[in-house]
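The values are calculated or read from the model by the stated rules, or taken from the named source; none is laboratory data. It should be emphasised that the depicted structure is a prediction, and the values quoted were computed from it without experimental measurement. Cβ atoms come from the backbone with ideal geometry, glycine included; neighbour counts cover every protein chain shown. To get the accessible areas, we keep the full protein, side chains included, count just its heavy atoms, and leave off ligands, DNA and RNA. Shrake-Rupley method; radii C 1.70, N 1.55, O 1.52, S 1.80 Å.
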Amino acid sequence: MDARDPELRRELDATLQARRELGPDYDSALIDSFLDRVEERLAVPHEQRSRRAAAERRTAEARGEARPSGPGFGERFGFGAVSLVLAIPLSAIGVANAGIEGLVVAWLGIVGVNAVHAARGWPRGREKRRRTVSDWEV
C-alpha cells in the first residue's frame, strides 16, 4: 500500500468530515470503521496489487498512453555528470598507481558503467505488433 494512496486518502477525508459533522461522541465508531478499511486494504496480497498494476500498465501501453519505462532525461544527465566528476579522481588514482595502463582501465570502467546504464532504457526484444482487422471492424 502506497503512503499516498488516493483511495485511502479520500476515505480518511470522508471520516474526518463525518467526525466534524457528528461530533466527538462518534469518534470511536468512526476510527474503528476507518481502521477496518485500512486492514482490508492491507489484507490484499502484494502479489495481487502487483498483477493489477502490471495489467494497468499493459492496458495503458496498448492504448498508447504509457510513458517509456527507461530512465528519463534527468536521470541520464545526472548519471553522466556524476560519472564525469568521478572520472577525475579515478583517472588520477589510476595514473598514480599504474601509469597509462591504470588510466585506460579507469576509463574502460567508466565507459562500461555508463554503457550498462544507457542500455537499461533500450527496448528488449519487443516485436512490433501488427494491427489486424477484427471481425468487428469489417
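Assorted remarks:
- Residues that are within 22 Å of Phe73 (Cβ to Cβ) and open to solvent by less than 80 Å² (accessible area, probe 1.4 Å) within segment 83-111 comprise Ser83, Ala87, Ile110, listed in sequence order.
- Filtered residues of segment 1-29 (kept if within 34 Å of the chain's Cα centre (by Cα), in a helix (DSSP H, G or I) and among the aliphatic types (A, V, I, L, M)): Leu8, Leu12, Ala14, Leu16
- Residue count, segment 112-138 (criterion: open to solvent by less than 80 Å² (accessible area, probe 1.4 Å), part of a helix (DSSP H, G or I) and modelled with pLDDT under 90): 5
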